[in-house]
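Undergrad: Just dropping this structure here.
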Amino acid sequence: MRPLYETPESLENEQRVADLLEMYWSRKLVKLPIAYQVDFAVVKEDITAWAEIKCRTTEYPEMYLSLHKWMAGKELSRETGLPFILVYGFKDKVCWKTVEKDSP
């Protein structure tokens, strides 16, 4: 079994990013149970997307995500027909990208 990397500090940072996105997207981000493998459901009246939030203190040329998370997000998207959004929060900005259905 894989170790859990979530700490109280990382969860707090993740929630700060989620709070900003709620205001920007006019949607509610609902924290999902760990069994879902991705962090949040994006909700208006119903779920409209799935989101994985990564908080970083350093910006890298590439945005890293574990294969396990990638596959889980793609599977949720495929099975529900809803977008999977990767979100990266840095000290001074938040970036996101919707994973396209045909992305490897």
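Undergrad: Using each residue's phi in region 21-32, evaluate 6.51 cos²θ - 1.76 cosθ + 1.60 at θ = phi - 60° and report the 3J(HN,Hα) Karplus result to the nearest Hz, with x for Gly and Pro.
TA: 5, 4, 5, 5, 8, 6, 9, 9, 9, 9, 5, 9
Undergrad: Between residue 30 and residue 95, what length in nm is gained on full extension when 0.36 nm per residue of separation is reduced by their alpha carbon distance?
TA: Answer, rounded to one decimal: 21.5 nm.
Undergrad: Which ³J(HN,Hα) values, rounded to whole Hz and listed in residue order, are derived for region 79-96 from phi using the Karplus coefficients 6.51, -1.76 and 1.60 in 6.51 cos²θ - 1.76 cosθ + 1.60 with θ = phi - 60°, glycine and proline given as x?
TA: Each residue's phi maps through the Karplus curve to give 6, 9, x, 9, x, 10, 10, 8, 10, 10, x, 10, 4, 10, 6, 10, 10, 8 Hz.
Undergrad: Using a probe radius of 1.4 Å on heavy atoms only, what accessible surface per residue do you get for region 64-104? Whole Å² is fine.
TA: Per-residue value: 67 Å².
Undergrad: Express the carbon and sulfur contribution to the solvent-accessible surface of region 1-51 as a percent, rounded to the nearest whole number, probe 1.4 angstrom.
TA: Carbon-and-sulfur percentage of accessible area, whole number: 59.
Undergrad: On to the next question. Residue 97 accessible area, nearest 10 Å², 1.4 Å probe?
TA: 120
Undergrad: Hey, another quick one. First select every other residue whose beta carbon is under 10 angstrom from the beta carbon of residue 43; then total the charges, Lys and Arg +1, Asp and Glu -1.
TA: 0
Undergrad: Express in nm, to one decimal, how much length is gained between residue 9 and residue 43 on full extension, taking 0.36 nm for each residue of separation and deducting their alpha carbon distance.
TA: Here the segment from residue 9 to residue 43 would lengthen by 9.8 nm.
Undergrad: Of all DSSP beta bridges located in the chain, what percent are antiparallel, nearest 5?
TA: 70
The values are calculated or read from the model by the stated rules, or taken from the named source; none is laboratory data. Computed from a predicted model, the values in this text were never measured in an experiment. Neighbour counts run over all protein chains shown; Cβ positions are idealised from the backbone, glycine included. These area figures cover heavy atoms from the full protein model, side chains too; ligands, DNA and RNA do not enter into them. Shrake-Rupley method; radii C 1.70, N 1.55, O 1.52, S 1.80 Å.
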